[in-house]
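Structure, as structure tokens:
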Amino acid sequence: MGSAILHIGENTTDIILATSSDYWAYRERMVQAESGKVFHKKTWDSFERARDVYESVCGCYPNYQVVKGMPLSVFGDKFGHNMHDSIYNCMTDFYAGKISESDVKDYMEECCVSMRIYQTQQCHTSGYNETDNQSIVGQVYEVFAKMNARAALNANYKEGLAENQVYGGRTDDWVYYNSDYYYQCEETKELLREAAGYVTDQWEIPAIDPEEIEKNTAYTLDGKLDFNSCWNWEYRNQVGGGSMEDEAAVPPRDVKLFFKENSFPDNGTLWVSLGANRKDVDVPFSVSHTGSLKGQIYRVYDLLDKEFMAKGDNNKYSRFLSGLSVFMNWYAHESGIIDLFGNHVPRFE
């Protein structure tokens, strides 16, 4: 993690903790964390301790206990932005194999405590309001879930980029899908749900509703809080080379595919790996002068011959591959699919 560790409360915390014997213990813990030796240790009384120090320092000021109300987003100021970036760094390190699931879970729990302390210091909440505390946990969970999906997509992208280098040529005309990242994203999301549940149990407040948060998330510019919608955003809306009809589709395990349009006409490159079986295909693109889109887009399943699909248990992949399509960048713009988000069945004529 290193620089991804967040300094709780920034200047506000420094001022408050400097008056307490807890200050040097806090500093020592932060130095250890930033050196990479340890993550934050779980100290579930840290809010109460911070609150006690805060009251001892600020109690002489009038109106210090006046609660102004929670902001619409707890990530809307500098402190929130720093935590947001810190969470992304955490998830990136996780997908790179630099930290463990336990580290991610512990860090999410620490972020919840940090945000509760900070919002109390800013007089946005008393620190004991159940609704406010539930909102804090929910918003921290939402950002972790979004950064989880982004980190999974970026790991998929890096793997695809390495494959593209084998073929050479352009670096913006390829599509890659590895179902391993779909499953890692889903499993990590479940881990984050457990971490959120642990915090609400410790704080003795009502549990958050992760499914409702995911359904109504505002983080939709580059897909939602899942791998498939982020993948569609990358390869349909940015690259303009591939699309998934149903973003809720669950891929069988061990599915990989790579597609490259190539810079010369009437040919594309595709390989599909289903478990231990791999098939390489030339994609016979053609551009019609009559305005027809036929020949510019193919379902992945239709490009694979019956003999290959009959091997082993390849048939179990048929439905998923039927919902994936690859196409020319020309098709993406002419059909308008490059500007469409979410579930969509493309035009094939």
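Table for the structure above
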quantity	calculated
At 1.567 mPa s and 4 °C, Stokes D of the stretch 180-232 from Kirkwood alpha-carbon radius, µm² per second	106 µm²/s
For the stretch 191-202, Karplus couplings with θ = phi - 60° (6.51, -1.76, 1.60), whole Hz, Gly/Pro x	4, 5, 5, 5, 5, 5, x, 5, 5, 5, 5, 5
For the stretch 216-306, radius of gyration divided by Kirkwood radius, i.e. Rg to Rh on alpha-carbons	1.01
Accessible area in square angstrom per residue, the stretch 141-255, 1.4 angstrom probe	41 Å²
Cβ-defined net charge surrounding R347, 10 Å radius [Lys, Arg +1; Asp, Glu -1]	-1
Stokes-Einstein D for the stretch 263-349, Kirkwood Rh over Cα pairs, 10 °C, 1.306 mPa s (µm²/s)	112 µm²/s
For the stretch 61-113: Kirkwood Rh in Å [reciprocal of mean 1/r, alpha carbons]	13.1 Å
Segments 197-206, 168-177 sorted - mean Cβ within 10 Å per residue, highest first	168-177, 197-206
Charged-residue dipole, Cβ positions (Lys, Arg, Asp, Glu), the stretch 256-349 about Cα centre, Debye nearest 20	380 debye
The stretch 94-192 - percent of accessible surface contributed by carbon and sulfur, probe 1.4 Å	44 percent
Histogram of C-alpha separations across the stretch 274-314, 5 Å bin width, %	5, 19, 25, 17, 12, 10, 7, 3, 1
Quarter of the Cα convex hull surface for the stretch 83-151, i.e. its orientation-mean projected area (nm²)	4.4 nm²
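The values are calculated or read from the model by the stated rules, or taken from the named source; none is laboratory data. These figures come from a predicted structure and were not determined experimentally. Quick reminder, even Gly has a Cβ in these numbers, built from the backbone with ideal geometry, and neighbours come from all protein chains shown. SASA here: full protein model, heavy atoms, side chains in, ligands and nucleic acids out. Shrake-Rupley method; radii C 1.70, N 1.55, O 1.52, S 1.80 Å.
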